[in-house]
Amino acid sequence: MRLTVLGINHRTAPVEVRGQVAFPPEQLPRALGELTSLDGIQAAAILSTCNRTELYCTEQGQGLDTIADWLCRFHDLERDKLEPHFYSYEDAAAVRHILRVAAGLDSMILGEPQILGQMKASYQQATRAGTLDTVESRLFQHTFSVAKQIRTDTAIGASPVSVAFAAVSLARQIFGSFEENTALLVGAGETIELATRHLHDHGIGKIIIANRTIERAHELADQFSGYGIALDQIPAHLVEADIVISSTGSPTHILDKEMVSAALGKRKHRPVFMVDIAVPGDIARDVAELDDIYLYTVDDLQEVIEENLKSRQDAAEQAEEIIDVQVEHFMSWVRSLDAVPAVRAYREHAEHIGTQELEKAKRQLASGKDPREVMEALTHNLINKLAHEPSVNLRQATVDGQTGMLDAVRSLFRLKNS
């Protein structure tokens, strides 16, 4: 059994490529089922966010090509074009990577907390699909515990830095004060909720939430004294928006050049700041060609993100030290699994002998034999039957020069040298 990670993220691929291998939530049950039906794949979970897609598998060995081929087939992509963007890890390196991801050490924004929630969602989806085994279930639980320890023991999450926060920070550089501005937020997921919260905290004048489910739009907007609209109402309200932040799971563009151009005309070309956080993108790239439009993608936020991360570097080093220790703890548990069949067989063997001797002793007592003699015979027979075969094999091992077995026995039974 081997733990394997195959992935693609913001460091290895641009947003367009990442979008091609993303898994919408509705595809995950089928994807997990297909992945675990492959030869040699025992268990699997899929983490898919705007910045990464990662497949976590336990497999029989030599399964990396199988996993990569399946990923390309599922998304109808040519492997030779996707291959340069892949990374992979095995066993201890895989555990280390997963712990680093959960702690936010591998995120675009160092230490950002959203990824842990996304990883928990990945675990829940795989649990519902029934595609986890004992090792992966234990790994996820261990991961969540370590991430919590890092949050508690270091300053990795001391400042509110996230993709949403970076987007709002960049908007502040452009507009300065928000009191006279209107923000249109498209989507109603965690990223949009965070962006809305940051905008509200910085005194945004007006908030509009657009979402496919209008009830969810109203629910989120009500928390911030805004109002919700459906996606098809965006053209009518886009003229009001000074700031547009979009993050949906739509496979097609929500805002195109024609729609934005029409709104600009009605705005008399007052500038609009747009951030497209979605993967695939919600805003057509040619929108950036319009005058008075400032369009940024998640990749464009990197400079803003770096400025907000300097204080987290020391905390990250502390987190890495915690992870070093916790990787070894988990791998020690994995190695201990190799002993389980032998321990079970030994216990069954001992229980069989004990049961036989106990039944024999009961029969002797029932026949009126002296209880003291019965107990002495029971003890003698148990010791003899449990120790005889190991003793014979240990002597033979010594004759054959297998002196390491002597050390193993002394260690196993905590025997003193005499």
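Just so it is clear, none of the values below were taken in a lab; they were calculated from the coordinates. Please read all numbers here as calculations on a predicted model, not as lab measurements. Quick reminder, even Gly has a Cβ in these numbers, built from the backbone with ideal geometry, and neighbours come from all protein chains shown.
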In the chain, with Lys and Arg counted as +1 and Asp and Glu as -1 at Cβ, which of these residues, Leu185, Gly354, Leu290, has the Cα nearest the positive end of the dipole, that is, farthest along it?
Gly354
Inter-centroid distance (Cα atoms) of region 331-383 relative to region 83-154, Å
44
Taking placed amide H atoms and a strict 5 Å upper bound, the residues 5 or more places from Ala43 or on another chain that come that close are Thr58
Quick one: what are the phi-derived ³J(HN,Hα) couplings along region 273-285, Karplus 6.51/-1.76/1.60 with θ = phi - 60°, whole Hz, x for glycine and proline?
9, 10, 10, 9, 8, 6, 9, x, x, 8, 10, 4, 5
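What dipole magnitude, in Debye to the nearest 20, does region 163-307 give about its Cα centre under +1 on Lys/Arg Cβ and -1 on Asp/Glu Cβ?
Using only the charged Cβ atoms, the result is roughly 400 debye.
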Along the charge dipole of the chain, which of Val146, Gly104, Leu264 sits closest to the positive end, that is, farthest toward it, with unit charges on the beta carbon of Lys, Arg, Asp and Glu (+1, +1, -1, -1)?
Val146
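Based on the Cβ-Cβ distance from Ala93 to Gln149, what FRET efficiency comes out when R0 is 22 Å, to the nearest 0.05?
Details: r = 21 Å, r/R0 = 0.94.
Efficiency, rounded to the nearest 0.05: 0.60.
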Cα gyration tensor category, rounded, prolate or oblate, for region 61-118 with a/c compared to 1.5
prolate
Most mobile of Thr379, Thr297, Thr252 per a Gaussian network model of the chain (Cα springs, under 10 Å)?
Thr379
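Treating only the Cβ atoms of Lys and Arg (+1) and Asp and Glu (-1) as charged, compute the dipole magnitude of the chain about its Cα centre; round to the nearest 20 debye.
Working: 41 positive and 60 negative charges, 342 e Å.
Here the size comes out at about 1640 debye.
Does region 163-307 come out rounded, prolate or oblate by the C-alpha gyration tensor, with a ≥ b ≥ c the root eigenvalues, rounded set by a/c under 1.5 and, if not, prolate when a/b is larger than b/c and oblate if not? Working shown, then result.
Values: a/c = 1.16, a/b = 1.03, b/c = 1.13.
It comes out rounded by the Cα gyration axes.
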Within the set of other residues whose C-beta is less than 12 Å from the C-beta of Thr12, count the net charge using Lys and Arg as +1 and Asp and Glu as -1.
0
Rg/Rh of region 233-275 (Cα atoms, Kirkwood Rh), to two decimals, equals 0.95
Mind pulling the angle between the C-alpha long axis of helix 163-175 and the longest principal axis of the chain? Nearest 10 degrees, somewhere in 0 to 90.
20
What's the longest piece of the chain with no exposed GluC sites (Glu not before Pro), counting a site as exposed if DSSP puts it in a loop and it has at most 16 other beta carbons within 10 Å?
181-418
Rounded to whole Hz, the Karplus (6.51, -1.76, 1.60) HN-Hα couplings of region 209-226, x for glycine and proline:
10, 10, 8, 4, 9, 5, 4, 5, 4, 5, 4, 5, 4, 4, 5, 10, 6, x
Among Tyr56, Tyr89, Tyr346, which one shows the biggest mean-square fluctuation in a GNM of the chain, springs joining Cα atoms closer than 10 Å?
Tyr346
So the angle from the long Cα axis of helix 190-201 to the longest Cα principal axis of the chain, reported in degrees to the nearest 10, equals 50
Just want the answer: with Cβ charges of +1 for Lys and Arg and -1 for Asp and Glu, which residue in Ile323, Gly226, Ala210 is farthest toward the dipole's positive end in the chain?
Ile323
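For the chain, give me the percentage of DSSP beta bridges that are antiparallel, rounded to the nearest 5 percent. List each step's numbers first, then the result.
On the way: 19 of 42 bridges.
That works out to approximately 45 percent antiparallel.
Give Lys148/Lys310; Lys257/Lys310; Lys369/Lys416 a once-over and call out the pairs whose C-alpha atoms are over 27 Å from each other. Kindly include the intermediate steps, with their values, before the conclusion.
Working: Lys148/Lys310 22 Å; Lys257/Lys310 37 Å; Lys369/Lys416 38 Å.
Lys257/Lys310; Lys369/Lys416, as the Cα separations exceed 27 Å there.
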222 nm [θ] for the chain, helices only, -39500 (n - 2.57) per DSSP H run of 4+, per residue, to 500?
-17000 deg cm²/dmol
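Which of rounded, prolate or oblate describes the chain when judged by the alpha-carbon gyration tensor and an a/c cut-off of 1.5? Display every interim value, and only then the final one.
Working: a/c = 2.93, a/b = 2.83, b/c = 1.03.
Taking the square roots of the gyration eigenvalues as a ≥ b ≥ c, the chain is prolate.
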Which of Leu199, Leu77, Leu105 fluctuates most in a GNM of the chain (C-alpha springs under 10 Å)? That residue is Leu77
